[in-house]
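Where a number appears in this text, it was derived from the coordinates with a stated rule and is not lab data. On a predicted model such as this, the values are computed, not experimentally measured, just so you know. Here the Cβ positions follow ideal geometry from the backbone for every residue, glycine too, while neighbour counts run over all protein chains shown.
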Amino acid sequence: MTANETSHPTASAPEIDASCRVPLLALLVGAAVWLVLGTALALIASIKFHAPDFLAECPALTYGRVAAAANDALVYGFCLPAALAVSLWIFSRLSQTVFTLPVVPVVAAHLWHLGVFVGLASILLGHSTGFTWLEFPRSASILLLVAFGLIAVSIVATFGFRLERTLHPAHWFLLAALLWFPWSYTSANIFLVAMPVRGVAQAVIDLWFGNNLLWVWFSLAGLGIGFYFISKLTGRALNSYYYALLVFATLILFGTWCGIPVGSPFPAWIPTLGSVAAALLVVPVLGVAAIVARTLCGVSGPIGGPLCYFQFAFSAFILSALMLITLACPQFSRVLEFTWFGQAQVQLQIFGFLAMILFGALYYILPLALGHDFPFPKLTRAHFWLSGIGVVLLVLPLAVGGYLQGTHLYKIEAALPALRVSTLGLFLLLAGNLLFAVNVLAMFLNWKLALAKTIFAAVTAPLKASEVKP
Amino acid sequence: MKCGLPVIFAVIVALGASWIGLVIAPALQLGTLKETTVLNTTDVYPPQRTGAATLGLQAYRANGCAACHTEQVRQDGVTCEVVLTDAGKNPSAVTNLLTALTLTGLTKDQAEAVSGKITAAGGKVETHIVPIGSDLDHGWGVRRSVAEDFLYDNPVQLGGLRAGPDLANIGLRSPDANWHLLHLYAPRSVNTDSKMPSFRYLFTVQKIGAAPSPDALNLPAAFAPPAGFEVVPKPEARQLAAYLLSLRANVPVYDAPFTPPAKP
């Protein structure tokens with residue numbers, strides 16, 4: 001049931017790729033910068049556990065601010081715009097039309113990155129809202145929302161003009177993601193920032209939003225992109241369409257109810273619903289495992305090539321989902337709740353799952369969109385190894401440290417050796433992400449240079465005799 | 001499938017259900033929560049925080065304290081404890097009975113049976129409700145946190161990671177404002193193992209004027225400023241300390257009953 005992309009007399013693949021070039025660059029150059037900055041801030045936050053007085057004189061770099069800024073830079077700075085960039089290319093390709101309204105995402109990308117800048121600066125200056133994953137103040141949230149809306153409209157417009165009418169499973173996941181972020185982000189901001197509700201209802205809504213962003217939205221975007229690419233890179237149809245439908249339906253039905261810790265000071269029905277929903281997540285997890293195993297059965301791409309990124313990311317997804325289910329299980333949550341284990345799951349979801357999906361996709365898309373290979377193609381493989389090892393060294397110690405912390409009366413000393421190893425993991429991730437940024441920025445500069453040369457050539461070209469007035 | 005509309009419709013139904021269930025319903029149920037009374041009294045709970053403590057919550061937010069500290073105490077359940085208040089006319093029989101029976105960790109029915117036996121022997125007993133749970137064993141509180149504890153707070157920051165201890169009852173554990181100021185300025189001056197960052201930027205190190213400031217911190221020599229200088233807390237530091245002192249959830253309420261210790 002996958003779209004056969006060559007059977008219609010439609011726009012050619014190079015034309016489509018070229019139409020996405022400027023929007024992609026506008027979104028990705030900023031995203032690459034926030035990626036490096038976010039990882040660097042996370043590293044600073046991590047170092048504070050080795051040396052608590054490190055940068056203690058600087059209010060902007062106190063742990064509470066740096067940790068929040070690092071998370072937001074990674075999620076809002078990198079993951080969301082990069083996922084939007086990949087989505088707009090996928091929608092154009094699947095629609096077999098050139099991207100409609102290419103100016104809109106370019107304007108939106110600038111608004112988005114301005115919003116991230118305002119938001120991060122506000123957190124570091126102490127003007128965060130205090131809500132996890134919603135730290136950005138109102139001005140920044142409005143910019144993000146407008147920008148997301150503009151990009152979503154231009155993607156949906158491309159979808160509306162599609163020449164290949166059949167829907168690919170990626171369409172469902174990505175359309176749901178395009179709808180769900182503005183919906184959840186608007187309502188969370190209205191109920192928490194614009195007209196705050198009273199008391200712990202704030203905490204429930206904040207937890208709901210955090211789960212819907214990091215678990216549901218990340219899964220929708222990541223699985224949508226991932227399913228498209230594993231079938232594209234292997235040249236096989238997604239195996240199978242009905243499994244994908246099952247994963248999609250159960251993910252949005254059950255996944256959206258999770259994320260409320262078991263012992264929270266809320267009426268008992270709220271955490272109970274969350275635990276039941278989390279247990280039911282076993283269904284989409286098994287579905288994803290089956291799809292990946294059946295589609296990729298017997299396939300091996302070049303080590304460090306795009307396919308490796310997807311294999312790694314899908315494994316990370318399954319592991320992160322199992323960690324989420326474990327956290328929601330009352331027996332285990334008594335030990336693991338409020339420990340580094342939860343942080344390990346979040347980091348796995350960001351660095352191990354969505355970021356890896358996006359790297360794999362972008363390493364495939366960018367050379368097509370710009371019409372030439374990366375300036376440093378070897379770095380794309382080095383990046384895979386640095387990121388892969390980095391994720392393992394970040395997540396595994398945090399998870400083990402969380403268990404030790406939970407069994408040792410939450411004493412931080414029990415988790416310290418593990419935290420130290422995780423700092424090493426973050427260091428590797430920073431190195432890997434720098435390689436990504438170097439390639440993207442070099443590509444961008446090459447493109448600007450080529451553009452400038454073309455303009456210069458056009459300006460300095462001798463006038464044709466026919467154009468000269470007598 | 002060739003049409004996007006069924007997909008959009010399914011998405012709106014599935015996502016809308018969770019939106020109604022976990023945003024609108026809590027906003028209606030918890031967002032209209034009123035003050036309650038302390039169990040068996042007419043005292044209103046929670047009391048308003050003082051002005052300084054309310055401002056201190058903003059310092060708590062601005063510096064991201066909730067990144068490392070939770071403000072929620074969990075509880076596994078409650079047990080009953082039978083306490084003898086009067087041995088009555090036949091003390092030896094009651095004493096024998098007390099040694100033979102288990103008096104703590106009882107269910108409600110067991111407690112009733114035990115108190116029935118002791119009453120029959122002529123003693124007078126009280127049944128106490130005792131919450132249990134690992135958080136309570138750590139000394140982090142006397143009962144679980146309930147929605148009313150956070151009624152006047154904006155933003156409510158329950159926190160999700162215990163890199164440091166839970167703070168739901170820090171005002172009871174450390175009731176001295178000066179201890180908090182010393183701890184904020186130099187955490188390792190009061191707790192050598194602490195991994196908390198220092199919040200020196202909430203304090204001013206100034207030259208001692210005509211007379212030392214009455215607010216100056218009394219720091220141990222290893223953490224003290226150079227001779228002739230003193231460390232004075234800025235208003236934010238005082239407000240933060242006032243907020244931390246105001247964190248005390250130690251009265252029984254309907255949602256989390258327990259028998260408070262008798263007042264002497």
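The table that follows gives values for the structure above.
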read-out: Estimated distance in nm for a label pair at residue A:322 and residue B:179, the labels positioned 7 Å out from Cα along Cα-to-Cβ; value: 4.5 nm
read-out: Convex hull of the protein assembly as shown built on C-alpha atoms - directionally averaged projected area, nm²; value: 42.8 nm²
read-out: Cα-projected label distance for residue B:89 with residue B:213, points at 7 Å along beta-carbon direction, nm; value: 7.1 nm
read-out: Footprinting exposure proxy for A:329, A:79, B:3 (fewest neighbouring C-beta atoms within 10 Å first); value: B:3, A:329, A:79
read-out: Rough spin-label spacing in nm, given labels placed 7 Å along Cα→Cβ, for residue A:139 and residue B:50; value: 3.4 nm
read-out: Euclidean distance between Cα centres, segment A:429-452 to segment A:387-411, Å; value: 33 Å
read-out: Rounded, prolate or oblate (a/c below 1.5 giving rounded, otherwise prolate when a/b exceeds b/c) for segment B:120-264 by Cα gyration tensor; value: prolate
read-out: Phi-based couplings in Hz for segment A:344-356 (Karplus 6.51, -1.76, 1.60; Gly and Pro marked x); value: 4, 5, 5, 5, 5, 5, 6, 7, x, 9, 5, 4, 5
read-out: Listed residues A:423, A:42, A:383: farthest to the positive end of the dipole of chain A (Cβ charges); value: A:383
read-out: Under Karplus coefficients 6.51, -1.76 and 1.60, residue-wise ³J(HN,Hα) of segment B:54-66 in Hz, glycine/proline x; value: 5, 5, x, 4, 5, 5, 4, 5, 4, 9, x, 4, 5
read-out: Stokes-Einstein translational diffusion, segment A:246-395 - Kirkwood Rh over all Cα pairs, 0.890 mPa s, 25 °C, in µm²/s; value: 144 µm²/s
read-out: Ordering of A:173-185, A:346-358 by burial proxy (mean other Cβ atoms within 10 Å per residue, highest first); value: A:346-358, A:173-185
read-out: Positive-end residue of A:203, A:156, B:242, charge dipole of the protein assembly as shown with Cβ unit charges; value: A:156
read-out: Area projected by the alpha carbon convex hull of segment A:11-166, averaged over all directions, nm²; value: 9.7 nm²
read-out: Stretch gain in nm, segment residue A:55-residue A:269, where the contour uses 0.36 nm per residue and the Cα spacing is subtracted; value: 72.7 nm
read-out: Charged-residue dipole, Cβ positions (Lys, Arg, Asp, Glu), chain A about Cα centre, Debye nearest 20; value: 500 debye
read-out: Shielding of A:253-259 by partner chains, average beta-carbon count, 10 Å; value: 4
read-out: For residue B:132, distant residues with modelled amide H under 5 Å away; value: B:76, B:77, B:78, B:79
read-out: For segment A:289-301, 3J(HN,Hα) per residue [Karplus equation, 6.51 cos²θ - 1.76 cosθ + 1.60, θ = phi - 60°, Hz, x = Gly/Pro]; value: 4, 5, 4, 5, 4, 6, 6, 9, 4, x, 9, 9, x
read-out: Residues whose placed amide H lies under 5 Å from that of residue B:36, excluding near-sequence neighbours; value: B:45
read-out: Given charges at Cβ of Lys, Arg, Asp, Glu: the protein assembly as shown dipole, positive-most of B:33, B:218, A:185; value: A:185
read-out: Computed log₁₀ I(q)/I(0) - Debye formula, equal Cα scatterers, no solvent, segment B:77-132, q 0.15, 0.20 Å⁻¹; value: -0.37, -0.62
read-out: Over the protein assembly as shown: helical MRE at 222 nm, DSSP H runs n ≥ 4 each giving -39500 (n - 2.57), nearest 500; value: -18500 deg cm²/dmol
read-out: Binned Cα-Cα distance frequencies in chain B - 10 Å width, integer %; value: 6, 21, 23, 19, 15, 11, 4, 1, 0
read-out: Nearest-20 debye value, segment B:77-132 charge dipole, Cβ charges on Lys, Arg, Asp, Glu; value: 140 debye
